[in-house]
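Notes for the one structure printed next.
The values are calculated or read from the model by the stated rules, or taken from the named source; none is laboratory data. The structure presented is a predicted model; accordingly, all values stated were derived computationally and were not measured. Cβ placement follows ideal geometry from the backbone for every residue including glycine, while neighbour counts extend to all protein chains displayed.
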Amino acid sequence: MSPRLIPALLLVSTLFAVSIVNADPTLLPHLDTYRDQGVGQASAWRGEELWYASYDDRGCTSCHGANPADIGKHVKTGKSIEPMALSVNPGRYQSAKKIEKWFLRNCKWTFGRECSLQEKADILTWLTSQ
Amino acid sequence: MNSKTTMAAGYVLMATILVFSFYGLGQSLASGGYESDNHDLDHEYHEENEHNGRPLAFSIDPVYLDECGSCHMAYPAMLLPAKSWSKIMAGLEDHFGESAELDAQTRQQIEDYLVLESERVSYRKLFRNLGDAAPLRITELPYFVHEHDEIPARLVADNDRVKSLSQCNACHRGAERGQFDEDDVVIPGFGRWDD
């Protein structure tokens, strides 16, 4: 390997590392509050399972669509819903109050009950990694 | 009669015709230019409130717009009586089959706005034959039912771009600003509506 390539590779790998850190959902302060309340390691994989799960024909995807990076559509009113994926909608998860408001409403509609802290942490981890 | 007199008479005649046509135009503009009693909700609602010495401007609360308008059109408060709004805001846990729960402070703030705004600008004709009822749905107002009873299902329920009469703004392009003038109705996939 040419020695001239080494600085270039270093730069690329540093940029890659930085991008991973930036995408790390554990940096989201709201996830820390779940951890403070006793939630174990959040799992994007479990969050994804919940995202695509269907209960009595209801699921997250009923309104948000299958791809969280796409614009959704309210199943009843047809109103468009901004994408849930953090990568395409970076302003989405700024307010803890707003996050909790929507979890409360939408978990009740989708699962007929409130979500557990673990489920919320998992879903949030999945969505912020998208 | 010489040609000068003929020309002068012609001028007088033309001027008279012009004056009367302008007068007629002015009259027709002043009367709104139409007779129909259901033609312009917005127009009559303004007149009614002028008589009451109330402010005319349509106002929308930003908190209401943000909280309620994220799932559906933020229905102008004037479309329901104040006590309907209070009932709706007291039952957000089951809001037409969905949870629309809010924290206590925001809920109260929105209810206060809706009640005040409804009392301020309520369009009374909308509440004709309503009596003391406080329906939860605008589509249940007798006046609303009467106004929409000639529209065939294929244009609303069976129309994928409308689906329901609850979607005011699918056809009333000024709905979110409280404007329901029939002239402004465009039914998606069908065009202007004129009955």
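When residues in the range B:94-113 are screened for being at negative phi, at the interface with chain A (Cβ under 10 Å from one of its Cβ atoms) and in contact with a helix residue (DSSP H, G or I) (Cβ under 9 Å, 6 or more places away or on another chain), 8 of them pass. Checking each residue in the range A:64-102 for being within 26 Å of B:S166 (Cβ to Cβ) and in contact with a Leu (Cβ under 9 Å, 6 or more places away or on another chain) picks out A:M84, A:K101.
Would you confirm whether any residue within the range A:105-112 is surrounded by fewer than 15 Cβ atoms within 10 Å (Cβ to Cβ) and more than 16 Å from the chain's Cα centre (by Cα)? Yes: the range A:105-112 contains one or more residues that are surrounded by fewer than 15 Cβ atoms within 10 Å (Cβ to Cβ) and more than 16 Å from the chain's Cα centre (by Cα). Is it true that A:E82 is among the acidic types (D, E), within 30 Å of B:D160 (Cβ to Cβ), within 14 Å of chain B (Cβ to nearest Cβ) and without any contact (Cβ under 8 Å) to a residue 12 or more places away in the chain? So A:E82 passes the test.
Any residue in the range A:14-37 that is modelled with pLDDT of 80 or more, on the phi > 0 side of the Ramachandran plot and not aromatic (F, W, Y)? Checked the range A:14-37: no residue is modelled with pLDDT of 80 or more, on the phi > 0 side of the Ramachandran plot and not aromatic (F, W, Y). Filtering the range A:91-124 to residues that are more than 14 Å from chain B (Cβ to nearest Cβ), under 12 Å from A:Y34 (Cα atoms) and either part of a loop (DSSP other than H, G, I, E, B) or without any contact (Cβ under 8 Å) to a residue 24 or more places away in the chain (or both) leaves only A:S116.
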